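The values are calculated or read from the model by the stated rules, or taken from the named source; none is laboratory data. This is a predicted model, so every value here is computed, not measured. We place every Cβ from the backbone using ideal geometry, glycine too, and count neighbours over all the protein chains shown. Only protein heavy atoms, including side chains, enter the accessible area calculation; ligands, DNA and RNA are left aside. Shrake-Rupley method; radii C 1.70, N 1.55, O 1.52, S 1.80 Å.
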Amino acid sequence: MGTILIPLLALALGAGWFLRQPRFGHAPEGETERAIQASPNQVNGVFQNQVPTPLFADGQSMGSILLGNLSSKPQRLQPAQALPSVKLDLRALPRDLDVVVWLGHSSFYVQLAGQRILIDPVFSGYASPVSFANVAFAGSTPYTAADMPDIDVLLISHDHWDHLDHDSLVALAPRIGQVVTGLGVGSHLLYWGFDPARVLQGDWGDSFPIFDHLVVHVLPARHYSGRGLERNRTLWASFALVGPERRLYFSGDSGYGPHFQAIGERFGGFDFVALDCGQYDPRWPFIHMTPEEAAQAAADLKAKILLPAHVGRFAMARHAWDEPLKRIVDASQGRPYHLVTPTIGSAVQLAHAGTMPTPWWVHQP
């Protein structure tokens, strides 16, 4: 019996040590925990979506999905060669230029109303607790934390590994003015050394004025959260950025739902939206959008410009790496918005988004 218990004990101790690494963050406590308990969007300290949102489709489970992934070998999950990208001198961009720079996947550098904004920055070459899992596509991470200028506002949509990157945020921390995120997510940042006075945590519907020129609205999304063994202790969110001249919306991770139409009605439409458009799978149909659902969400939001996000860096689902981009082009035909699909790292100037160039993925194997 002892020969069995000793390795099991060693395994348990090893797992406990691994889960206590700083990169896993920290559970909400103190004032943050009290704010969560007061939220109308939680039950017993666990956040709920606005509409029923099972993690998996009927008949599916984490076990069945893992077995299915092992038994099938889809083609072209990753590009066969490095993706094209552009690396701009972001510090040289005029402050008064309203611009969105897609940094790959769901990471964005934004300038709006004279403010420099960074959203879900992931500059590591992987999005997982270990460096050999969920590895980024070659060429998809041209920027590093050192390439970022001083940031006025950092937005974090939720605490999944492909949106909240420990190494990137620790490197950026000294150059970040203010953080806006969902309830509980700030607990990770405080654990990593961020000044509590700089971390604003909001519930769905909360808004934060920034320097009288910009208002950040924390809004619903249809997803879930968690970095370790516990789920939904922290709030997932989307964001609306409202300046004197323009309104922008970033969905974060979200399945399709009635919240898009409600947000579109509340704000009277948006000049620009970036929407979850990849890593969909019929086995988890409620927590990410298909390209066709993203096209409908853009219409619900009354968007003028749509940029597809959650694509171009990680293979987290079983579709071909470029399938979401091909499908969103088709789904956007005849829609009342302008689709933009910039190369990673290039800038979309909001005053004149221009005509979409030849899709950059066309000649990629």
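Scanning residues 5 or more positions from H338 or on other chains, those with amide H under 5 Å from its amide H are I305, L306, with H placed 1.01 Å from N in the peptide plane. Shape class of segment 260-304 from the alpha-carbon gyration tensor: prolate, with a/c at 1.5 or above and a/b greater than b/c.
Between A262 and A133, how high is the FRET efficiency from 1/(1 + (r/R0)^6) when r is the Cβ-Cβ distance and R₀ = 35 Å? Nearest 0.05. Efficiency, rounded to the nearest 0.05: 0.45.
If r is the Cβ-Cβ distance from F56 to S207 and R0 is 35 Å, what FRET efficiency results, to the nearest 0.05? Efficiency at R0 = 35 Å is approximately 0.55. Charge dipole (Cα centre; +1 on Lys/Arg Cβ, -1 on Asp/Glu Cβ; no other charges) of segment 97-172 amounts to roughly 120 debye.
A 1.4 Å probe run over the protein chains yields, for segment 170-262, 36 Å² of accessible area per residue, whole-number rounding. Protection proxy ranking, highest mean first, for peptides 43-53, 317-327: 317-327, 43-53, where packing is the per-residue count of other beta-carbon atoms within 10 Å, averaged. One chain, two ends: Q21 and E33. Fully extended at 0.36 nm per residue, the span grows by 2.2 nm beyond their Cα-Cα distance. Reducing segment 221-241 and segment 89-120 to their Cα centroids gives an inter-centroid distance of 24 Å.
How about K73: which lysines have a C-alpha closer than 29 Å to its C-alpha, ignoring those fewer than 8 places off in the same chain? The qualifying lysines are K326. The alpha carbon convex hull volume per residue for the chain rounds to 155 Å³.
For segment 173-250, the square roots of the Cα gyration tensor eigenvalues, ordered a ≥ b ≥ c, give a/c of at least 1.5 with a/b no greater than b/c, which places it in the oblate category. Applying 1/(1 + (r/R0)^6) with r as the Cβ-Cβ distance of H363 and L97 and R0 = 30 angstrom yields a FRET efficiency of 0.50.
Positive-end ranking of H352, G104, G25 along the dipole of the chain, with charges on Cβ about the Cα centre, is headed by G104. Loop-located chymotrypsin sites (Phe, Trp or Tyr not before Pro) across segment 95-158 with a Cβ neighbour count of 15 or fewer within 10 Å are F132, with loop assigned by DSSP. Entry note, the chain: relative contact order of 20 percent, from Cα contacts under 8 Å with a spacing of 6+ residues.
Direction-averaged projected area, Cα convex hull, segment 25-65: 4.5 nm², rounded to one decimal. Calculated [222 nm] ellipticity per residue, helices only, for the chain: -6000 deg cm²/dmol; basis is -39500 (n - 2.57) per DSSP H run with n ≥ 4, divided by all residues, nearest 500. With no solvent and one equal point scatterer placed on each C-alpha of segment 47-189, evaluate the Debye formula and give log10 I(q)/I(0) for q = 0.10, 0.14, 0.15 Å⁻¹, two decimals. Per q value, in the given order, log10 I(q)/I(0) is -0.45, -0.81, -0.90.
Bridges between two residues of the chain, per DSSP, are antiparallel at a rate of about 55%.
In a reduced charge model with +1 at each Lys and Arg Cβ and -1 at each Asp and Glu Cβ, segment 262-365 shows a dipole moment near 100 debye about its Cα centre. In a simple Cβ point-charge model (Lys, Arg +1; Asp, Glu -1; nothing else charged), the chain has a dipole of about 580 debye relative to its Cα centre.
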